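> Pasting in a structure now, in structure tokens, and then I'll have a few things to ask.
Read-outs: derived from the displayed coordinates by stated rules, not from any lab. In this text the structure is predicted, and so the values were computed from the model without any measurement. Here Cβ is always computed from backbone atoms with ideal geometry, including for glycine, and neighbour counts include all displayed protein chains.
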Amino acid sequence: MPNHNNLTPSEEKRIYEDVLRIDSHLPNGNYDRWLSENANRREKDAFVRGIWNDPQFTKALTMVENESDHKEDKASGPSLTLRLSYSLSAACILVCFLVIGVIRFSSTQEASIDTQVFETAVHEVQHKQLFDGSIADLSARTRLDVHFSEKERRLQLRQGEAQFSVKKDIHRPFVVETSQARMEALGTIFNVDQRGDITELSVFEGKVAISPLKDLQQQRIISAGERVTVAAGLSSDVTTFDPDSYKGWKDGWISVEKMPLSELLVKLNRFSQTELKSGDLTTGKLLVTGSFELKEMEKNIQILEALHGLTITHNNNHIVLKSAY
């Protein structure tokens, strides 16, 4: 660093580090150690030091000194020295504020430095290991955005269905959000299904805290073998299932109990090359119970046709199921 105002290099370094610690993101310990922990911090520090040592910056300070020396006379000597000191101090403060701004920006960038985006196509499933060793299994037609920071593991299920096996980390909550709900794992394996305007949570092991996004204070704890849905800012009653005998999409099946046909079709469409549609609102509200094998889509359509007296119409781009009554 250039030596201004008769400060020694060690004194300037101390001031430089002290000003940096004004920012709340920085630790109270050794600044060099803090830099050594992260390459991004060292990059930003080098950037600021480059500005400090830039010849143009030094030239600007020299111009201030020369201009002041040119105007100096005996009467104004002490006053001029004071003004020069203020000028140099102002320049130093300016650089220090720049340091704080850059380091704050750096800290903000570090807050979510680990990002992953997963997306599956029709009939495609994926098994993914996340940064922390947790596992995310994605059903077909699913998009999952992953953002891991030093304080939180946050995942956004944009569409589709995914099952999570969470690695324990007491310092970083594991949070999954959909358009309707926020879920926080409490050491667990759980499945989240976002279909239309509904989020369904099924817990296979451990517990999960779930809250509607519209009212985060309305939190409920869901335990293994329990299921709940959130829609329109409200949670449904908790239902139960047997995790050991349950056949889900990971097993190649969809098992439902009293599910509206419109919602079942959303789940089936993730594995159907031809889109399935309900012919009208009445048909979409039909309640369906049963298990459907995902690789046998034509057979599933025949089962729905027989169970509910539906008529099936095949078009070029979709198949329409409609009640005959």
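> Per-residue HN-Hα couplings for region 246-254, Karplus 6.51 cos²θ - 1.76 cosθ + 1.60 at θ = phi - 60°, whole Hz, x for Gly and Pro?
Residue by residue, region 246-254 yields 5, 10, x, 4, 5, 8, x, 9, 10 Hz.
> So how do 122, 175 line up by other beta-carbon neighbours within 10 Å, fewest first?
Least crowded to most crowded, the residues run 122, 175.
> Turning to a different aspect of this structure: Near the amide H of residue 279, under 5 Å away, which other amide H atoms are found, from residues 5 or more places off or on another chain, if H is placed in the peptide plane?
For residue 279, the qualifying residues are 321, 322, 323.
> Which of 171, 308, 127 comes first, and how do the rest follow, when ranked by fewest Cβ neighbours within 10 Å?
171, 127, 308
> Moving to a separate point now. When 1/r is averaged over all different Cα pairs and the result inverted, which Kirkwood radius in Å belongs to region 249-323?
This gives a value of 12.2 Å.
> Using 26 Å as the Cα-Cα cut-off, could you pick out the over-long pairs in 207/258; 207/247; 151/267; 128/277; 167/250?
151/267; 128/277
> Here is a further query. Just rank 245, 223, fewest to most, by other beta-carbon atoms within 10 angstrom.
Ordered from fewest to most neighbouring Cβ atoms within 10 Å, 245, 223 come out as 245, 223.
> With a point put 7 Å past each Cα toward its Cβ, work out how far residue 143 is from residue 291 in nm, to one decimal.
Each label point is offset 7 Å from its Cα along the Cβ direction, giving 3.3 nm.
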